[in-house]
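Trainee: Got a structure for you, written out below as structure tokens; questions coming shortly.
The values are calculated or read from the model by the stated rules, or taken from the named source; none is laboratory data. No experiment lies behind these values; they were computed from the predicted model shown. As a convention, Cβ positions derive from the backbone with ideal geometry for all residues, glycine included, and neighbour counts pool all protein chains shown.
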Amino acid sequence: MRIALFATCIVDAMYPETAKSTVKILERLGHEVIFPKAQACCGQMHINSGYMPEALPVVENHINAFDTDDYDVAVAPSGSCVASVKHQHPYLAERLGKPELKERAIAVGKRTYELSQLLVDVLGVSNAADQLGSYFPDTITYHPSCHGKRSLGLGDRQLDLLKTVGGITVEELPEADQCCGFGGTFSLKNADVSTAMLEDKMKNICSTGASACAGGDASCLMHIGGGLSRTGAKPKTLHLADILASTMEETVTL
Amino acid sequence: MSAKEEILGRIRSALSDAPVAEETPREYRTSSQMSEEELIEMLVDRLVDYKAGVEVIDNAQIPELVAAKLKDANSVVFPHGLDQRWLADLPQGVAQIADAPGSRLTVAELDETSAVVTSSQVTIAESGTIILDGEPNQGRRAISLVPDHHLCIVPVSSIVQLLPEAMPRLTITRPLTWISGPSATSDIELERVEGVHGPRTLDVLLVRGL
Amino acid sequence: MTQVFLGMPAAGHGNLFEEEPFPQAAHRELGNTQMRKNLRHATHTIRDKRVKVVGELPDWEELRDAGSAIKNNAMANVEELLLQFEKNFTARGGTVHWARDATEANKIVTELVKETGSTEVVKVKSMATQEIGLNEYLETQGIEAFETDLAELIVQLGNDKPSHILVPAIHKNRTEVRDIFLKEMPSVDPELTDEPAKLAEAARSHLRKKFLAAKVAISGANFALADTGTLGVVESEGNGRMCLTLPETLITVMGIEKVLPKWEDLEVFMQLLPRSSTGERMNPYTSLWTGASADDGPQDVHIVLLDNGRTRALSDRFGRTALNCIRCSACMNVCPVYERTGGHAYGSTYPGPIGAILSPLMTGIEAEDNGSLPYASSLCGACYDACPVKINIPEILVHLRGEDVDAKRETHKIPTQMDLMMKGGSWALGKGKNLGLLEKALPLGRLMAGKDKKIKKLPGIAAGWTQSRDIPAPPNKSFRDWWSDEKESK
């Protein structure tokens, strides 16, 4: 299969290792990965902040970059950005009176998958150790990010994959389904509430005794990790893709 | 222009894009296959959960059970259409007062009455809901409200499992009261406690053969 | 026939406004540790109960689908349904009044009460009358209104404001309630404990005489059934039954969005509502009445059909489904923001996620500080999951943020920091080439980091981030550049 990687802007600029991990996993399964260079961002930050006309060039750019016959499916290591592509792009096009763009947005959305969704539903991965050689000899806990869980309906796909990584111990996160408080510009505009939510999330993470909190969205992890770092707490944050890409030979370290 | 005309005009203007709503899917359960025993079991479970008193009895036991449940009552009001044989075993000292057209009890009189006995129209097992619809054996709404103890007769033949199964048995334009346990509140810390303004005791007799 | 005048949807008034920007109100409320403890306890209790009773129904999703569709249909045909309701309610001896806004509704109710000669009314909990500020208005007209719902009573006695639509005193714990009763309830037992059952009993004795003597009652309504002219009130304590049954005159104030097409639709909503609101299989009491019933209950029966901004909400094609709300409160019970700030932070009668969309939709986004409400959410979507009529609250929140930004474009002569950030972002993220160019500067960002490779302080609005979080030093090379160097050149 020819798979187009949508790296997402935050991974591209801040967490390039996570994109590399995604490439590694897919290549290990024997697929060809391409990176459409015209891509930049899903536009979620603009849309969620209410800057709709400003979001338009960003969304149009994404649709132009991915509305091609050059690949079979697209994948992103982010539930949130995929949810934006699937749900927000058609809304924006309709709001701004662009029916043709809306049709194209829907078509691109249909071909776009979140990483665990692609691995489990399309590529038939059910055991990460056996099928991907994943190995991570440490204790983690897992935070299911809201957009993946609710907007995409990922269920336990990410957690189930993590549980099948070789050498891993997964501790259950109390109140896992509670939002971490990131919410994009919510973390700036309503910094106090965001921080109050973050505090509870960090408390729950620390209560598990895990060395790391894994998740499927770099943005939530940056928020949680930033808070843990500030408070001097022990646990780090790590993207699902990085754990799945970790092997006996090339083990990811915290 | 009247307020009515103006509001209707606003509605027309608000809906000028002529939205067309999808047809309503009704894929939820509308019929069930529970046996009588299963229905009784489910209903008892719900009523007990609501902290209502509940007994499953035969038709012939009604007078005995009514007397037993109302042993502490001084006076009992009943709707004029109620089968008065049901009250036959009440001790002599207990006043039995019929609420009938032309001789209605006042609110103050109802407040001085210790208990009320009514029948019921239809009962939903899944939610533990007894529906009274003002038939002569159920009476007007005030009589099952003001006395502090409500003894309600539920014929087993009137129990259905699902709310949609109860709907055809109702005449919606009558004043209806749906009762699911004694009065209760969750207003303090969202914890349910029984016994506020409505009857604080609800006893239900589930009667076979009625 | 030509339409001479097409009424334009108008904004609502009354208690629908945020009085200060939400972040400011939230900051203050977050500091109230007792309130936060109370709310955490109450919302977590109700969440667990709701999940349990919802899980019991194998057809919950089918019920939600039906509920959502019935409401969409009702709103698409609301004119016809209101007329049908009016005809049927009137035919059965009821009187229908129409009120354009809060002021008009208050005046209609006052006139009706004055006609009875009564100077006291008992009230069943009603969001509509809370929204229009009816009690306060009646007071200016020499009419005293007694709230009879336990939580409303707590709020009224405590001179407080409701903070939740179902449990208006959710921010108070049992001890605080006891203290209010001891202070404000005449002839209360001075030994009153804070046991909820004892507090409920105290409310019973306090209100008993009022119920038995009341001549006039005022209620809201959960539903109006168009095809029969029936009204319904869903309640728990029996205070509703008291008000709806014992007085001679009954005045109901109801928003026009509450009308349902067919009486059979009740079979859907009476399954959805109790399980979503109090987390019970069914609420203790539901009363249904159709006009006046001979020999049973009030013979002088009125309804005031209220617009007050509802047609304004209806005119927003992306936001109108907010009117589908059945006031169950599930969205606020599951909301992580509401759980921490409480309902007062939202200003309006309608707090929580539904309030954050409903208030600005009814008043207009530009009214007072209502423009700050749609941002009071991390968009986590828990509300949408819990909503029994599937209102996509996160989507409407985002839509209203767009309305807010667009409205402010006209008034802001000088762009805000956020405006500049978004304009810059639009350029940077609008082309892969532009982002790539910018990413060349990533190593510069590393200079901002300390020895521990963490950025701890950022200026301007980004300071909101670094007040509680570090940012890792950026990488030396973006993925894009790595791809060019490693994958394409080989």
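Trainee: Quick test of your reading of the structure: residue B:46 fulfils all but one of (1) within 8 Å of chain C (Cβ to nearest Cβ); (2) under 27 Å from residue B:204 (Cα atoms); (3) part of a loop (DSSP other than H, G, I, E, B). Name the failing condition by number.
Mentor: (3)
Trainee: Give me the helices (runs of 4 or more DSSP H) completely within the range C:1-110, filtered to those with at least 2 residues that are facing another protein chain (nearest Cβ under 8 Å) and closer than 25 Å to residue C:343 by Cβ, ordered by residue number. First the steps, then the outcome.
Mentor: On the way: elements: C:22-30, C:33-55, C:60-76, C:78-91.
Those helices (runs of 4 or more DSSP H) span C:22-30, C:33-55.
Trainee: Checking the conditions here, which among A:106, A:168, A:140 is at pLDDT 95 or above, within 26 Å of residue A:208 (Cα to Cα), touching a Pro at 6+ places or on another chain (Cβ under 8 Å) and more than 14 Å from chain C (Cβ to nearest Cβ)? So that I can check it myself, show each step before the final result.
Mentor: Details: A:106 fails: within 26 Å of residue A:208 (Cα to Cα); A:140 fails: touching a Pro at 6+ places or on another chain (Cβ under 8 Å).
Being at pLDDT 95 or above, within 26 Å of residue A:208 (Cα to Cα), touching a Pro at 6+ places or on another chain (Cβ under 8 Å) and more than 14 Å from chain C (Cβ to nearest Cβ) holds for just one of A:106, A:168, A:140, which is A:168.
Trainee: While we're on this one: Among the residues of the range C:113-132, how many are more than 12 Å from residue C:253 (Cα to Cα) and either buried (at least 19 other Cβ atoms within 10 Å of the Cβ) or touching a strand residue (DSSP E or B) at 6+ places or on another chain (Cβ under 9 Å) (or both)?
Mentor: Counting residues in the range C:113-132 that are more than 12 Å from residue C:253 (Cα to Cα) and either buried (at least 19 other Cβ atoms within 10 Å of the Cβ) or touching a strand residue (DSSP E or B) at 6+ places or on another chain (Cβ under 9 Å) (or both) gives 8.
Trainee: Have a look at A:55, A:93, A:7 and point out the one that is outside any strand (DSSP E or B), within 18 Å of the chain's Cα centre (by Cα), within 14 Å of chain C (Cβ to nearest Cβ) and crowded, with 20+ Cβ neighbours inside 10 Å.
Mentor: Result: A:7 is the single residue among A:55, A:93, A:7 that is outside any strand (DSSP E or B), within 18 Å of the chain's Cα centre (by Cα), within 14 Å of chain C (Cβ to nearest Cβ) and crowded, with 20+ Cβ neighbours inside 10 Å.
Trainee: Would you mind stating whether residue A:187 is within 14 Å of another protein chain (Cβ to nearest Cβ) and either surrounded by fewer than 24 Cβ atoms within 10 Å (Cβ to Cβ) or touching an Asp or Glu at 6+ places or on another chain (Cβ under 9 Å) (or both)?
Mentor: No.
Trainee: Another question, if that's okay. Pull up the range C:292-324, narrow it to residues that are farther than 30 Å from residue C:13 by Cβ and within 9 Å of chain B (Cβ to nearest Cβ), then point me to the one that is modelled with the lowest pLDDT.
Mentor: For the range C:292-324, the residue satisfying everything is C:295.
Trainee: Give the residues of the range A:218-240 that are assigned to a helix (DSSP H, G or I) and either away from chain C (no Cβ under 12 Å) or over 15 Å from residue A:76 (Cβ atoms) (or both), sorted by residue number. Walk me through how you get there before you give the answer.
Mentor: Within the range A:218-240, the subset assigned to a helix (DSSP H, G or I) is A:218-231, A:240.
Answer for the range A:218-240, where residues must be assigned to a helix (DSSP H, G or I) and either away from chain C (no Cβ under 12 Å) or over 15 Å from residue A:76 (Cβ atoms) (or both): A:222, A:223, A:224, A:225, A:226, A:227, A:228, A:229, A:230, A:231, A:240.
Trainee: May I pose another question? Could you list, in sequence order, all residues of the range C:265-283 that are outside any helix (DSSP H, G or I) and farther than 26 Å from residue C:227 by Cα?
Mentor: Correct list: C:278, C:279, C:280, C:281.
Trainee: Would you mind finding the one in B:16, B:32 that is closer than 30 Å to residue C:71 by Cβ, over 21 Å from the mean Cα position of the chain (by Cα) and more than 10 Å from every other protein chain (Cβ to nearest Cβ)?
Mentor: That would be B:32, the only listed residue that is closer than 30 Å to residue C:71 by Cβ, over 21 Å from the mean Cα position of the chain (by Cα) and more than 10 Å from every other protein chain (Cβ to nearest Cβ).
Trainee: Test each condition in (1) in a helix (DSSP H, G or I); (2) within 14 Å of another protein chain (Cβ to nearest Cβ); (3) farther than 27 Å from residue C:66 by Cβ; (4) of a type outside the set (S, T, N, Q) for residue B:64 and report the one that comes out false.
Mentor: The single condition residue B:64 does not satisfy is (2).
Trainee: Continuing with the same structure: When you look at residue C:473, is it more than 7 Å from chain A (Cβ to nearest Cβ) and buried (at least 17 other Cβ atoms within 10 Å of the Cβ), yes or no?
Mentor: The answer is yes for residue C:473.
Trainee: Which of the residues belonging to the range B:1-31 are without any contact (Cβ under 8 Å) to a residue 12 or more places away in the chain and β-branched (Val, Ile, Thr)?
Mentor: Once the filter is applied, which keeps residues that are without any contact (Cβ under 8 Å) to a residue 12 or more places away in the chain and β-branched (Val, Ile, Thr), the range B:1-31 yields B:7, B:11, B:20, B:24.
Trainee: Something else about it: Could we say that residue B:29 is surrounded by 12 or more Cβ atoms within 10 Å (Cβ to Cβ), basic (Lys, Arg) and outside any helix (DSSP H, G or I) here?
Mentor: Answer is yes for this residue.
Trainee: Can you name every residue in the range A:28-52 that is assigned to a loop (DSSP other than H, G, I, E, B) and in contact with a strand residue (DSSP E or B) (Cβ under 7 Å, 6 or more places away or on another chain)?
Mentor: A:31, A:35, A:36
Trainee: Additional query: Taking the range A:216-247 on its own, how many of its residues are of a type in the set (S, T, N, Q) and closer than 21 Å to residue A:9 by Cα?
Mentor: Of the residues in that region, 2 qualify.
Trainee: Okay, next question. Quick one: is residue C:227 at pLDDT 95 or above, surrounded by fewer than 24 Cβ atoms within 10 Å (Cβ to Cβ), not hydrophobic (A, V, I, L, M, F, W, C) and not in a helix (DSSP H, G or I)?
Mentor: Taking the combined requirement at face value, the residue satisfies it.
Trainee: Quick check: is even one residue across the range C:386-408 closer than 25 Å to residue C:64 by Cα, in a loop (DSSP other than H, G, I, E, B) and of a type in the set (D, E, K, R)? Show your work before the answer.
Mentor: Residues of the range C:386-408 that are closer than 25 Å to residue C:64 by Cα, as a first pass: C:386-400.
Subsequent filtering for residues that are in a loop (DSSP other than H, G, I, E, B) retains C:387-392.
Narrowing the set further to residues that are of a type in the set (D, E, K, R) leaves C:390.
So far as the range C:386-408 goes, yes, one or more of its residues are closer than 25 Å to residue C:64 by Cα, in a loop (DSSP other than H, G, I, E, B) and of a type in the set (D, E, K, R).
Trainee: Then there's this: Quick one: in the range C:54-113, of everything that is in contact with a Lys or Arg (Cβ under 7 Å, 6 or more places away or on another chain) and of a type outside the set (Ser, Thr, Tyr), which residue is farthest from residue C:12 (Cα to Cα)?
Mentor: Applying the first criterion (in contact with a Lys or Arg (Cβ under 7 Å, 6 or more places away or on another chain)) to the range C:54-113 yields C:54, C:59, C:64, C:66, C:68, C:75, C:79, C:98.
Next cut, of a type outside the set (Ser, Thr, Tyr) only: C:54, C:59, C:64, C:66, C:75, C:79, C:98.
Values: C:54: 34, C:59: 37, C:64: 29, C:66: 29, C:75: 18, C:79: 19, C:98: 15 Å.
Restricting to residues being in contact with a Lys or Arg (Cβ under 7 Å, 6 or more places away or on another chain) and of a type outside the set (Ser, Thr, Tyr), the top hit is C:59.
Trainee: Would you please name the residue that is nearest to residue B:113 (Cα to Cα), looking only at residues in the range B:125-184 that are part of a strand (DSSP E or B) and of a type in the set (S, T, N, Q)?
Mentor: Restricting to residues being part of a strand (DSSP E or B) and of a type in the set (S, T, N, Q), the top hit is B:177.
Trainee: Exactly one condition in (1) part of a helix (DSSP H, G or I); (2) out of contact with any Leu (no Cβ under 8 Å at 6 or more places or on another chain) is false for residue B:190; which is it?
Mentor: That leaves (1) as the condition not met.
Trainee: Here are B:83, B:72: which of them is among the acidic types (Asp, Glu) and exposed (fewer than 13 other Cβ atoms within 10 Å of the Cβ)?
Mentor: Being among the acidic types (Asp, Glu) and exposed (fewer than 13 other Cβ atoms within 10 Å of the Cβ) holds for just one of B:83, B:72, which is B:72.
Trainee: Any idea which of C:383, C:387 is within 11 Å of chain A (Cβ to nearest Cβ) and within 23 Å of residue C:270 (Cα to Cα)?
Mentor: Criteria check complete, one pass: C:383.
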